[in-house]
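Peer 1: Pasting a structure below so you can have a look.
The values are calculated or read from the model by the stated rules, or taken from the named source; none is laboratory data. Because the structure is predicted, anything quoted here is derived from the model rather than measured. Don't worry about glycine lacking a Cβ; one is built from the backbone with ideal geometry, like all the others, and counts go over all protein chains shown.
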Amino acid sequence: MGSLEKFVSVANAIIWSDVLIYLLLAVGIYFSIRMRFFQVRMIKEMVRLMIKGEKSSAGISSFQALAVSLSGRVGTGNIAGVATAIFIGGPGAVFWMWLVAFLGASSAFVESTLAQIYKRTEKGQYRGGPAFYIEKGIKNKAVGKAYAITFAVATVLATGLLLPGVQANSIASAVNNAFSLSHMWTGVILVVLLGLIIFGGIKTIARVAEYVVPFMAGAYILVAVVVVAINFQKIPEVFSLIFSSAFGAHAAFGGIIGAMISIGVKRGVYSNEAGQGTGPHPAAAAEVTHPVNQGLVQAFSVYIDTLFVCSATAFIILSTGMYNVKGAGDELIINNGVYYIQDGVKHVDGSAMYTQAAVDKAFSGQEEFDINYHGLGSYIVAVTLFFFAFTTLMAYYYIAETNIAYLTHKRGGPLLMFLLKVCILAATFMGCIKTAQLAWDLGDLGVGIMAWLNIIAILILQKPALTALKDYEAQKKERLEPVFDPTLLGIKDADFWEFEYNKAVDEKKENAVHQNI
């Protein structure tokens, strides 16, 4: 296992170099400027569209698509990932996660709008995502096809094999910490529950996500509000700590600003997935009248993930003082942090233990907190993390399934779909019993590969998404409910909208005329 860990570590160092970090920030700034900071101007419209929309036999509703997307976005990164970011980069990493969410909303809009523009119907279901819009959008068909296949293969490997281990490992650790249930038995339970859902397809996944996601996110935010209320007098100090350490002004964190930005951006991208290429898959499955509808909904999902759920974790940890960081020269600075003793050596844990200990401390009312104490907080966070990570596993399966469907277009692929189910269930079980560090590193590797491929693609293909936004705003200005006609806008190869959707609209109009007659 040592050689594998070394290989993954070296690969991550290359993929997650400063080049990708600065590229992600630059692309977010660029799209924000090009769209005149729509993520501020159109918040009201985002909320309106989020609760609007209908489903059909081929597609799911906008809210269901949002729920499936949030299933992928809201996962272990919102609890264990935020704790890890604070552990490595200090409280200032939270600010950089916020910034990534604000800028990333623009990337999420572009990729999700492109997914809607270039989606297609396969076997009675809407399918779409980066592989689909890369093939259709790149003018050189040979290059576009090769690029799309590369993304599809990388995504199947990432979401079908690499990323599930991160979610499963965090579930197993949190459940073991709270309930002392072995990692193996947690793996067995996960495999059984996940198998029951993924064999039902996107409709079952959407129905489960539609009910579970709002409940789990709302319940967790409510817990955070209670913890913050208990420590209300410390909130001004928490804000001061976040902003002062973000720019190296705080003495304890001044020497790690590079690590702070890097881990804040990395965990921000890992959590909200903006620009990564996962969100467009459920976005394409939505039944909407204009691609921008779902683009705006997906942009708002980034806010829900980071500004609400991730911030909830950050404030739980920081308001209770349950965090620790690495200082200059790898010297460890303990600030009432979570640690454990093994063989006489002090170890730190960048996992959900931080959040569990923080909630336990808040509810216990103890100033001198015993890390071995497990109370209500440990159980609450363990259950929350279970649902967060479990729904993410559902989303990962759907994303991998969509890319299998792309790769096997018009050639069936039922055997590959079955093998995918077996592989993701096996990866989930293995994730429960392997080391946390390897699980995180493999997840980072998968996210990084997808991010590189997708961010370059949406830079190349941005024009149709920006044109669609202008068209949407123009129709809204005329007080119309926007509808999409790619032919009028000069957008080519949007086959679904040119043939299927507009044909369906014309049939509805014709039926309405006959009924009136």
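Peer 1: Could you say whether any residue in the stretch 252-275 is surrounded by fewer than 24 Cβ atoms within 10 Å (Cβ to Cβ), modelled with pLDDT under 85 and over 25 Å from LEU23 (Cα atoms)?
Peer 2: Yes, because at least one residue in the stretch 252-275 is surrounded by fewer than 24 Cβ atoms within 10 Å (Cβ to Cβ), modelled with pLDDT under 85 and over 25 Å from LEU23 (Cα atoms).
Peer 1: Determine whether the stretch 463-471 contains at least one residue that is touching a Pro at 6+ places or on another chain (Cβ under 7 Å), among the basic types (Lys, Arg) and either modelled with pLDDT of 85 or more or not in a helix (DSSP H, G or I) (or both).
Peer 2: Looking through the stretch 463-471, none of the residues is touching a Pro at 6+ places or on another chain (Cβ under 7 Å), among the basic types (Lys, Arg) and either modelled with pLDDT of 85 or more or not in a helix (DSSP H, G or I) (or both).
Peer 1: Here is a further query. I need every pair where a residue in the stretch 10-22 that is in contact (Cβ under 8 Å) with a residue 24 or more places away in the chain and under 13 Å from GLY264 (Cα atoms) has its Cβ under 9 Å from the Cβ of a residue that is surrounded by 16 or more Cβ atoms within 10 Å (Cβ to Cβ) and of a type in the set (Ser, Thr, Tyr), sequence separation at least 6 or different chains.
Peer 2: TRP16/SER262; ASP18/SER262; ILE21/SER262
Peer 1: Checking the condition touching a His at 6+ places or on another chain (Cβ under 6 Å) and within 25 Å of LEU393 (Cβ to Cβ), which residue from GLY129, GLY104 passes?
Peer 2: Only one candidate qualifies: GLY129.
Peer 1: Of all residues in the stretch 311-331, which are assigned to a helix (DSSP H, G or I) and either touching a Ser or Thr at 6+ places or on another chain (Cβ under 8 Å) or at pLDDT below 50 (or both)?
Peer 2: THR313, ILE316, ILE317, ALA328, GLY329, ASP330
Peer 1: Continuing with the same structure: Is one or more of the residues making up the stretch 146-155 part of a loop (DSSP other than H, G, I, E, B) and over 15 Å from THR392 (Cβ atoms)?
Peer 2: no
Peer 1: Is one or more of the residues making up the stretch 401-410 crowded, with 24+ Cβ neighbours inside 10 Å and either under 25 Å from ILE171 (Cα atoms) or β-branched (Val, Ile, Thr) (or both)?
Peer 2: yes
Peer 1: Can you name the number of the only condition in (1) in a loop (DSSP other than H, G, I, E, B); (2) at pLDDT 85 or above; (3) not hydrophobic (A, V, I, L, M, F, W, C) that ASN293 fails?
Peer 2: Of the numbered conditions (1) in a loop (DSSP other than H, G, I, E, B); (2) at pLDDT 85 or above; (3) not hydrophobic (A, V, I, L, M, F, W, C), the odd one out for ASN293 is (1).
Peer 1: Go over the candidates GLN167, GLN116 one by one and state the one that is part of a helix (DSSP H, G or I), crowded, with 24+ Cβ neighbours inside 10 Å and more than 18 Å from the chain's Cα centre (by Cα).
Peer 2: Criteria check complete, one pass: GLN116.
Peer 1: If you go through the stretch 187-203 one residue at a time, do you hit one that is surrounded by fewer than 19 Cβ atoms within 10 Å (Cβ to Cβ), touching a helix residue (DSSP H, G or I) at 6+ places or on another chain (Cβ under 8 Å) and not in a helix (DSSP H, G or I)?
Peer 2: yes
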